[in-house]
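Undergrad: Got a structure for you, written out below as structure tokens; questions coming shortly.
The values are calculated or read from the model by the stated rules, or taken from the named source; none is laboratory data. Owing to the predicted nature of the structure, the values given are computational and were not obtained by experimental measurement. Here the Cβ positions follow ideal geometry from the backbone for every residue, glycine too, while neighbour counts run over all protein chains shown.
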Amino acid sequence: MNAAPSRSRRLALTLARHAAWMLPSAPSSWAQAMRHELDYIADDSAALRWAFGCMLASYKARLTHWPRFSRRPAWRHVATSGALMLLIGLALQERAGGQTEPPRPDFDETTCDLPGVSTEIRPRLRCGTVSVPRNYDKPDAGRFKLAVVVIKSEQQPSWPEPVVYINGGPGSPLTVYAAHQARTPYAPRRDLILVDQRGTGQSEPGLCPDLAGKLLEAALAFAASATEEAFATRQATYLACRDQAIGRGLDLRDFGTQVTAEDLEWVRKALQIARWNVYGESYGTTVAMTLVALHPDTVRTVVLDSIYPPNPVPLWSTTVNDARDAFFANCARDNGCSMSFPNLAETYRETLARLDQKPLLVTVPPQMRQPDDRVILTASLFEAVVTNLLYYPTAYPTLPHVIQSVHDGELQGLGQSLGQVLGPILAAQLAAAATQNRATHAAVECRDRPHYRQHLPAGAHGLDRRQLYGICARWSDVGPPPLVPAGTRVPTLVLAGQFDPVARPALSRHVADLIGGSARFVEFPLVGHNVRQFSACGARIAADFIDHPAQKLDTSCTDRTSPIPFLPKRR
Amino acid sequence: MWRHGYDLSKETGLKSGTLYPLLMRLSEQGLLESRWQEPERSGLPPRHVYRLTATGLALAREQELEAVAAERAGVLA
């Protein structure tokens, strides 16, 4: 359906949307099922008839859930003869009967209680909450308060159509970083909206807030040795959290990317924004794509910075292998790096084999908060560390040296590297991991990702075993899937890093291809995940795109990337 | 066998306005299960598909037998 939709088709879509809106008590999947089915009906007038029937179906469903009508046999006749009249009638009855009204989108402004906010930034911030339905199909099932921060542009008057930034995770907080976000806007002339996704940061519900701590304690042990015992302990920790959440009256089906996208749509309405620019990063790209697919008319542009793989998700360890190999190949092509570290890929493999034979006891910086500032470096822990460092271009110059030091058992050099560059990175990463809500992470992923219900084969890679395999099947059932807005007309920019350990550049390009003619794809050399954070070139391209999506993109800065300043081998 | 809503509608002659309330009711009663099927072509959304649960199937067979029995009763009467 590349041609402009006909009037009948447009009307059919409107009716189907209306049907979805009218279907309050049935699971959301029904509303969606009816709407999606439309796309499979080639004939426009048949589609219109279908959509009209869906609307009637939704009225009937509503009536049967409405106590005053549920036992009347004549409801079918009533519904078919006066559907629109009934809509008005029902609305009136709801008021008159003193029934609970469905929640309306509303921004409740509060004082800003955020860390690190300077006196310059403070006047630009508006903080508050928006109460969203826990379940969009059951408006009476309670609400969650979401934390929302609006950052006014430094340049006033700001341009219309603000940017909503959707951060990665799932499970990571956002509004706590408002001060940093205010200093690094995506499109400086526009206001910026930040939302803590449900179950993260300051947003409700607080889903097992202590899980991160418990898991963090186990994480290094698990990274060090992914034994069956470590696996079982981790699984039990997750399931205890699940039981605790259910005991508190939470429904774990109230999570997932589609519901998060609906939350953002609710926030948009609460802030009375007609259209906005959507910037999704990492997992935020999943939410952003779903939001565009569900509410295309509300999005002016969308940037997808570092794709989080859509279903079907490739095994993570294979993606990491490719990213690492690309990094090693870069070293081999670099004169300095290849002189100091000939055949780094082979050195790395030997290092793993040596650590398998004999783990090293390594002194680490105090900020990593390890007992006695020491860690037993096993092969799988080392692999996890190298994988983490691939996210950080600031670590690239040191990485070959670290591998060589561990290979040679040269702990003094390793200690220096850890203290100067890598320690702070790893410590920051541990701190960020501690603020992530791991229960929300599981709650969203288990709804979104059917593959976590499969069993990993025996002897699976440690990186894959640390995913949610073996947990989701006992956590909740699969929810409506995250969506890719294939064929959308919303101007889309896809940014990918050459060494991205989360999605291969080829996969990101594939997503751009799926989206179609409205998507532009740019690959950034010598960058990992999170392009904009680590590439001034990426930040400029994204800002240009948001402000002028119709203009030809100037991506020439990607050709002027300086080589990695590899540290030479110490003698 | 998993079936799509539109195909079911064509096969049974029921319009969507009749079909979906039936499907919803069957689903609520645990007689019908549904799942999302990945789109066959890119550019299309995932599609909802349905089939009878074991209970639904048993009930359907029971009703079929009853119907056959009723027909026979009619013939005999």
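Undergrad: For residue A:314, work out the one condition from (1) buried (at least 22 other Cβ atoms within 10 Å of the Cβ); (2) over 14 Å from residue A:164 (Cα atoms); (3) not basic (Lys, Arg) it doesn't fulfil.
TA: (1)
Undergrad: State which residue is modelled with the lowest pLDDT when the search covers only the stretch A:19-58 and only residues that are at the interface with another protein chain (Cβ under 7 Å from one of its Cβ atoms) and assigned to a loop (DSSP other than H, G, I, E, B).
TA: Across the stretch A:19-58, the extreme among qualifying residues is A:26.
Undergrad: Check every one of the helices (runs of 4 or more DSSP H) wholly within the stretch A:242-354 and list those with 3 or more residues that are within 19 Å of the chain's Cα centre (by Cα), within 30 Å of residue A:443 (Cα to Cα) and of a type in the set (A, V, I, L, M).
TA: On the way: elements: A:257-270, A:283-294, A:316-333, A:335-340.
Counting at least 3 such residues, we get A:257-270, A:283-294.
Undergrad: So, one more: Given the conditions (1) surrounded by fewer than 19 Cβ atoms within 10 Å (Cβ to Cβ); (2) not in a strand (DSSP E or B), which single one is not true for residue A:523?
TA: Against the list (1) surrounded by fewer than 19 Cβ atoms within 10 Å (Cβ to Cβ); (2) not in a strand (DSSP E or B), residue A:523 comes up short only on (2).
Undergrad: Right, here's the next one. Report, by residue number, each residue of the stretch A:465-485 that is over 17 Å from the mean Cα position of the chain (by Cα) and in contact (Cβ under 8 Å) with a residue 60 or more places away in the chain.
TA: Those that are over 17 Å from the mean Cα position of the chain (by Cα) and in contact (Cβ under 8 Å) with a residue 60 or more places away in the chain: A:465, A:466, A:470, A:471, A:474, A:475, A:476, A:477.
Undergrad: Considering only the stretch B:19-42, state which residues are closer than 19 Å to residue A:36 by Cβ and buried (at least 18 other Cβ atoms within 10 Å of the Cβ). Quick ask: steps written out before the conclusion?
TA: Going residue by residue through the stretch B:19-42, those that are closer than 19 Å to residue A:36 by Cβ are B:19-24, B:27, B:32-42.
Once the filter is applied, which keeps residues that are closer than 19 Å to residue A:36 by Cβ and buried (at least 18 other Cβ atoms within 10 Å of the Cβ), the stretch B:19-42 yields B:19, B:20, B:21, B:23, B:24, B:27, B:32, B:34, B:36.
Undergrad: Please specify each residue of the stretch B:43-62 satisfying the condition of being among the small types (Gly, Ala, Ser) and either surrounded by 13 or more Cβ atoms within 10 Å (Cβ to Cβ) or touching a strand residue (DSSP E or B) at 6+ places or on another chain (Cβ under 7 Å) (or both). So that I can check it myself, show each step before the final result.
TA: Start the filter on the stretch B:43-62 by keeping residues that are among the small types (Gly, Ala, Ser), which leaves B:43, B:54, B:56, B:58, B:60.
Of everything in the stretch B:43-62, those that are among the small types (Gly, Ala, Ser) and either surrounded by 13 or more Cβ atoms within 10 Å (Cβ to Cβ) or touching a strand residue (DSSP E or B) at 6+ places or on another chain (Cβ under 7 Å) (or both) turn out to be B:43, B:56, B:60.
Undergrad: Separate question: Mind listing just one residue for me: the one in the stretch B:20-48 that is part of a strand (DSSP E or B) and more than 9 Å from chain A (Cβ to nearest Cβ) and, of those, farthest from the chain's Cα centre (by Cα)?
TA: Taking the stretch B:20-48 as the starting set, the residues that turn out to be part of a strand (DSSP E or B) are B:32-37, B:47-48.
From what's left, more than 9 Å from chain A (Cβ to nearest Cβ): B:32-33, B:37.
Details: B:32: 7, B:33: 9, B:37: 17 Å.
The qualifying residue farthest from the chain's Cα centre (by Cα) is B:37.
Undergrad: Right, another one. Checking the conditions here, which among A:157, A:139, A:105, A:162 is outside any strand (DSSP E or B) and in contact with a Phe, Trp or Tyr (Cβ under 7 Å, 6 or more places away or on another chain)? Please lay out each step first, then the result.
TA: Numbers: A:157 fails: in contact with a Phe, Trp or Tyr (Cβ under 7 Å, 6 or more places away or on another chain); A:139 fails: in contact with a Phe, Trp or Tyr (Cβ under 7 Å, 6 or more places away or on another chain); A:162 fails: outside any strand (DSSP E or B).
Testing whether each residue is outside any strand (DSSP E or B) and in contact with a Phe, Trp or Tyr (Cβ under 7 Å, 6 or more places away or on another chain) leaves just A:105.
Undergrad: Would you point out which residue out of A:424, A:397, A:366 is out of contact with any strand residue (DSSP E or B) (no Cβ under 7 Å at 6 or more places or on another chain) and free of Cβ contacts under 8 Å to residues at least 12 places away in the same chain?
TA: Unique residue meeting the criteria: A:366.
Undergrad: Identify, please: which residue in the stretch A:542-559 is closer than 30 Å to residue A:341 by Cα and touching a residue at least 12 places away in the same chain (Cβ under 8 Å) and is, among those, surrounded by the most Cβ atoms within 10 Å (Cβ to Cβ)? First the steps, then the outcome.
TA: Initial filter on the stretch A:542-559 (closer than 30 Å to residue A:341 by Cα): A:557-559.
Next, from what is left, pick out any that are touching a residue at least 12 places away in the same chain (Cβ under 8 Å): A:557-558.
Values: A:557: 14, A:558: 18.
Ranking the qualifying residues of the stretch A:542-559, first place goes to A:558.
Undergrad: Continuing with the same structure: As an exercise: evaluate residue A:515 against (1) surrounded by fewer than 21 Cβ atoms within 10 Å (Cβ to Cβ); (2) modelled with pLDDT of 95 or more and give the number of the one condition it does not meet.
TA: (1)
Matching residues to (1) modelled with pLDDT under 95; (2) assigned to a loop (DSSP other than H, G, I, E, B):
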position	(1), (2)
A:429	yes, no
A:432	yes, no
A:446	no, no
A:456	yes, yes
A:469	yes, yes
A:477	yes, yes
A:484	no, yes
A:508	no, no
